[in-house]
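I have placed the structure first, in the form of structure tokens, so that the comments after it can refer back to it.
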Amino acid sequence: MESSKKKVAIAVGLSLLAVLFSVALLFHRKPDEGTTRTQTQYDIIVSSPAASVTPSAPSASPSISFSPTLTALSIPEKLNSDFFNEDNPSVDWADTSLLIPHEAIRHQMKMMVQSVQAIPDDLENNEAWKVTLFSKWYIDYFYESVHEHHDNEEDIYFPWIKTRAVMPHEQFSSSHEELVSNMGSIKKICATILDKGGIDCNDEIASLKNQIRAFEVDVRAHLKEEEEVIPQFLRNHFTHEEEERVVQQISFAGGLEFARKFLPAILLSAEEWMSDTFYIDFVHTIPQPVMYLVEQFYMPDFNNVVSKMRDAPTLQSEPDLSKEACFFCL
């Protein structure tokens, strides 16, 4: 009986979610002139992913798109990039297409390093929650979102670029393999910490500190390398519209689960480095049903649960991790 109730609840939930996305096909609302970062009227835009990685392929079914129409650019001094800065600002869609995910990753890594360095070398048992919450954040959120980002580049984005350009795919792939391996090594340490309940984990904590510090350095170097090379391939061989279709395909592949784990981090970092006009334009590329989930559930959970798990080592007391009840958060 209980199983039947659960099946009915899931079916109803999926049906209602389908209705939300169907509504998105019917409306398209532009931003009000008075719109600001903190008062944004969200666009309802449901785009279509390419049927294949071929740039000129026809569109297929609706998807979540994270690729904005360029209207303004970044605030260079707010960027965490090791390539784009005040002396070398981003200049067009080709530059910002990489900055959108990369800045989110760099910001999360920055906070991750701060947290892991705050873990006492000789952790008291009554503070075990500091390292267990951090470990759970790394496994459930950081590892999953960054791993999927690398997979999307390997499986979709780089092969698409290679349809018209000769790029050092093998060089980037080798770097990806090494980074994913290092991420996996850190994940194993975090899993061990969770298995031990954070008790008697001094050796694991020492390894965690060393590996995460080295990992951040390697990832930043890798992201810089991509930002140095890939934008020129995009400018020389593709249009913004073609690149948007591939980004749509990537976001479609990740679906709501990818949006739940990665989109809040993207939006929070974008609010820092994007100009006001660009930020509003970017937000308006995200379908309203997805933004409803972000506003009502994903972002509150990120602020009240996810970020507190990440920042646990820096907190004085164990946080209350209360999630917003969400029938649609699959």
Check: Across the range 250-298, how large is the tail of the calculated P(r) beyond 14 Å, expressed as a percent of all Cα pairs?
Finding: 52 percent
Checklist line | For the range 150-258: Kirkwood Rh in Å [reciprocal of mean 1/r, alpha carbons] | finding: 16.2 Å
Margin query: So if each residue of separation counts as 0.36 nm, and I subtract the Cα-Cα distance between Y292 and N304, what length gain in nm does that give?
Written below: 2.6 nm
Margin query: Run the simple label-point estimate for E178 and K78 please: 7 Å along Cα→C-beta, distance reported in nm.
Written below: 3.3 nm
Next item on the list: Give the calculated FRET efficiency between A214 and N125 to the nearest 0.05, with a Förster radius of 22 Å applied to their Cβ-Cβ distance.
Entry: 0.20
Margin query: Multiplying the sequence separation of T239 and V166 by 0.36 nm and subtracting their Cα-Cα distance, what value in nm do you get?
Written below: 24.6 nm
Notebook entry, point to check: Using a Förster distance of 22 Å, how high is the FRET efficiency between D203 and V113, based on the Cβ-Cβ distance and rounded to 0.05?
Noted result: 0.65
Next item on the list: Under 1.5 on a/c is rounded, so check that first for the range 185-311, then, if it is not, pick prolate when a/b is larger than b/c and oblate when it is not; a ≥ b ≥ c are the square roots of the alpha carbon gyration tensor eigenvalues.
Entry: oblate
Item checked: Cα-Cα over 18 Å, subset of K187/K209; K110/K196; K136/K224; K78/K136 -> K110/K196; K136/K224; K78/K136
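Readers should treat all values here as calculations from the given coordinates under stated rules, not as data from a laboratory. Predicted model only: the values in this text are computed from it and were never measured. Heads up, the Cβs are rebuilt from the backbone with ideal geometry, glycines too, and the neighbour counts pull from every protein chain shown.
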